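Here's the structure we're looking at; comments come further down.
The values are calculated or read from the model by the stated rules, or taken from the named source; none is laboratory data. For clarity, every value in this text was computed on a predicted model and none was experimentally measured. Ideal geometry is used to build each Cβ from the backbone, glycine not excepted, and the neighbour counts take in all protein chains shown. Only protein heavy atoms, including side chains, enter the accessible area calculation; ligands, DNA and RNA are left aside. Shrake-Rupley method; radii C 1.70, N 1.55, O 1.52, S 1.80 Å.
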Amino acid sequence: MDDVITASRTAPEALLFAIPENRWDDAVAATKTPEELLLYRSNLLGEDLTVTNFGGGNTSGKLKGTDPLTGETVDVLWVKGSGGDIGSMKLDGFATLYLDKFRATERLYRGVEFEDEMVDYLPHCTFNLNSRAASIDTPLHGLLPFAHVDHVHPDAIIALAASSGGEAATREIWGGKIGWLPWKRPGFELGVMIRDYAAQHPGLRGIMLAGHGIICWADDDKACYENTIGLIADAAAYLNDRLKGRPAFGGQVVAPQSAADRAAAAARIMPRLRGLMTGAGKLGHFDDSPETLEFIGSAEFERLARIGTSCPDHFLRTKIAPLTLDPASIDDDAYLDQALADYRAAYAAYYGRCAKDGDPAMRDANPVIVLIPGIGRIAFGADKTTARLASEFYGNAINVMRGAEAIGTYEGLPELEAYGIEYWALEEAKLQRMPKPKPMAGKIAVVTGGAGGIGVATAERMLRDGACVVLLDRSPDVLETRRDELAARFGRDVVRATICDVTDEAQIAAAFAFAAREFGGIDILVANAGIASSAPLEETTVDLWRKNYDVLAEGYFLTARAAFPLLKAQKGGSIVFVGSKNGIAAATNAAAYASAKAASLHLARCLALEGASAGIRVNTVNPDAVIRGSRIWDGDWRQERAGAHGIDPGAQLEEHYRSRSMLKRDVLPEDVAEAIYFLASDAASKSTGNMINVDAGNAQAFTR
């Protein structure tokens, strides 16, 4: 095979670890209160991906506070709360506890087998009625005597913590200034172990926690920050010295495919994997970064992938191990179906071996991470952000494996310990606190004419209820602006945009492949791209006639045809055509426009018949006179329709259409979007081949 080569023929050097930079600004720090200074330190650490990843790590400070009942000055433990992210958190992201009350809970500790009950005591220690839940790592901070404590999981540190050679390397790097504790699941017992170890070894800068990370400390915020990044820099430099001049993971045996071929493969396989997964809809994220390609093409790939991740932060996001696929078989649906079934069976067996009475029910058994040599890694999650973060965490795990193998052998967590983390009581409590998913969570919508008034309103309506949206439009400047506006409101993870002229088959194919690669497939197509023209029959040129039919009839046909195989792969979905009142009711001086719209209405009915057996619903929304916010009405169409009715094209035109309607009301893009949303949603799951008129009432357009 052309893409299989031996390590001896090519031995690219291993990728190296980044060295964190000191970003502390004394001038900024001088303006802050003690609480704000703790937040400043936390944000500096969390924003730096060489220090920690999203949601990873925690920081604390033991600060003075005024008891709201007694007015006395008391010691308060400020520690990052459960589920927060130190890079983006605000002050309300910290849990606050009376330090003396928290430390007094040690007398209630009955041993490691009763670890989970200690979590229930934390709310009783709350200072000033703070509603932020304290995390499982609170004892690691609160039991130590030091004023400021950081606990982080940078790749370079975990590489030491997860290697058979990690303890020896720790002694070599820091000469006894950093301690070492064997693996222990986070909780009260680990907090006691850390405190006692630090007391028995005075003068330490921190302690390495095997399989987990590092905990380190200082007497003030700046010294604590500098200690943390300094330790990370030391570890990274040490590992880089051992990685330079050598290939990672035993050398490359499968060369990466070209960037174009990798992208095409991802677009083909992601919808099929998504459709074959059981349970609620998943969102996908594709990555073919250098660290991914280095790992999946290496001689040691299969061995290391089977071991799984080690650090609890990684493990909770990525599951016990990834699914690996043979790139030569990924276009075989039977192979993919069997691979997923085997993975689910293995996960169920793992749960069966480890579960105890009273444990939570088995969670989703589908893989989170899928690895394909030569192509890349794919992550699936309940939403796009979850999928992206899982992918990023597995990227961190790859870095950890590279470093761990450079100084010894990479070591994963024992199975029972991994299970204990995945199903621990605090993690279950965190899951139970999560809000109920929005109605369109897990759905992917493609909207043509996405930069226009109806397109943007439709995207906004679906985003508001949890969908991911891909905007397609042929106007790049406007499209980019609309995408950025929506992303600013709903988050960059859930909005994508790409240029697409719906009369161009190649652009349509590229746009739907883009949607598949960015999100994993599609569930909803809103065919909304449109033009409008007005002319008496004798003045209607062949070019004008064809232009209307190219966009309004053939454009709908081409986009629906591109959507059908993707929707079939997802086991069904919804197509909504944006038609027009003029598709039902004849219009003066608009034969080309009205007849093309009529063609699209009948096309929708034909597709409803054809798609029903595959679970594909096809419906139509017929607006009328959506003037405000419409790009079509900003052009010649306004002048032409005003001329056809013998009225002024300004405000008089809007009044004309409002007065003409039975309800005497304007029709806005948001009104049309609401009807589109209904037909695309599960609320209309038993509706296909239907039309909804959004025209404020027009008897001529009544369906008969």
Inset, instruction - Go through the residues of the range 261-282 one by one and say whether even a single one is over 17 Å from Phe380 (Cβ atoms), touching a Pro at 6+ places or on another chain (Cβ under 8 Å) and not aromatic (Phe, Trp, Tyr). - result: yes
Inset, instruction - Test Tyr109 against the stated conditions and say whether it is in contact (Cβ under 8 Å) with a residue 40 or more places away in the chain, of a type in the set (Ser, Thr, Tyr) and open to solvent by 10 Å² or more (accessible area, probe 1.4 Å). - result: yes
Legend entry - Residue list for the range 662-699, restricted to those being polar (S, T, N, Q) and more than 23 Å from Asn528 (Cα to Cα): none
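Quick grid of which residues meet (1) in a helix (DSSP H, G or I); (2) of a type outside the set (A, V, I, L, M, F, W, C); (3) surrounded by fewer than 18 Cβ atoms within 10 Å (Cβ to Cβ):
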| position | (1), (2), (3) |
| --- | --- |
| Met208 | no, no, no |
| Gly211 | no, yes, no |
| Cys216 | no, no, no |
| Glu226 | yes, yes, yes |
| Leu239 | yes, no, no |
| Gln257 | no, yes, no |
| Ala280 | no, no, yes |
| Gly284 | no, yes, no |
Legend entry - Given (1) open to solvent by less than 60 Å² (accessible area, probe 1.4 Å); (2) acidic (Asp, Glu); (3) in a helix (DSSP H, G or I), index of the condition Asp359 fails: (3)
Inset, instruction - Considering each residue of the range 690-704, count those that are assigned to a loop (DSSP other than H, G, I, E, B) and either basic (Lys, Arg) or modelled with pLDDT under 95 (or both), and give that number. - result: 7
Inset, instruction - Could you grab me the full set of residues in the range 559-577 that are open to solvent by 10 Å² or more (accessible area, probe 1.4 Å) and more than 24 Å from Leu283 (Cβ to Cβ)? - result: Arg561
Inset, instruction - Check whether at least one residue in the range 368-386 is modelled with pLDDT of 95 or more and in a helix (DSSP H, G or I), and report yes or no. - result: yes
Inset, instruction - Identify, by number, the condition in (1) of a type outside the set (Val, Ile, Thr); (2) touching a strand residue (DSSP E or B) at 6+ places or on another chain (Cβ under 6 Å); (3) open to solvent by 10 Å² or more (accessible area, probe 1.4 Å); (4) in a helix (DSSP H, G or I) that Ala488 doesn't meet. - result: (2)
Legend entry - Every pair of residues 6+ apart whose Cβ atoms lie under 7 Å, when the first sits in the range 199-220 and is over 15 Å from Ile232 (Cα atoms) while the second is among the polar types (S, T, N, Q): Gly211/Ser310; Ala218/Asn227
Inset, instruction - Tell me, please, whether a residue that is in a strand (DSSP E or B), open to solvent by less than 10 Å² (accessible area, probe 1.4 Å) and among the hydroxyl-bearing types (Ser, Thr, Tyr) can be found in the range 170-187. - result: no
Inset, instruction - Report the residue count in the range 660-677 for those that are open to solvent by 50 Å² or more (accessible area, probe 1.4 Å) and either closer than 25 Å to Gly611 by Cα or part of a helix (DSSP H, G or I) (or both). - result: 4
Legend entry - Candidate set: the range 23-77, residues that are open to solvent by less than 10 Å² (accessible area, probe 1.4 Å), of a type in the set (Gly, Ala, Ser) and not in a helix (DSSP H, G or I); chosen: the one nearest to Leu389 (Cα to Cα): Gly56
Inset, instruction - For the range 598-620, name all the residues that are closer than 10 Å to Leu552 by Cα, open to solvent by 10 Å² or more (accessible area, probe 1.4 Å) and in contact (Cβ under 8 Å) with a residue 24 or more places away in the chain. - result: Ala599
Inset, instruction - Name the one entry in Ala263, Ala210 that is over 24 Å from Phe315 (Cα atoms) and among the small types (Gly, Ala, Ser). - result: Ala263
Legend entry - the range 500-557, residues that are open to solvent by 40 Å² or more (accessible area, probe 1.4 Å) and on the phi > 0 side of the Ramachandran plot: none
Legend entry - Only one of Ala563, Ala608, Ala612 that is modelled with pLDDT of 95 or more, part of a helix (DSSP H, G or I) and touching a Phe, Trp or Tyr at 6+ places or on another chain (Cβ under 8 Å): Ala563
Inset, instruction - Can you run down the residue pairs with Cβ atoms below 7 Å, 6 or more apart or on separate chains, where the first is in the range 678-689 and in a helix (DSSP H, G or I) and the partner is among the polar types (S, T, N, Q)? - result: Leu679/Ser574; Leu679/Asn619; Leu679/Ser687; Ala680/Ser574
Legend entry - Complete set of residues in the range 286-309 that are under 22 Å from the mean Cα position of the chain (by Cα), hydroxyl-bearing (Ser, Thr, Tyr) and not in a helix (DSSP H, G or I): Ser289, Thr309
Legend entry - Complete set of residues in the range 621-631 that are at pLDDT below 95, open to solvent by less than 60 Å² (accessible area, probe 1.4 Å) and either over 24 Å from Leu663 (Cα atoms) or among the aliphatic types (A, V, I, L, M) (or both): Ala625, Val626, Ile627
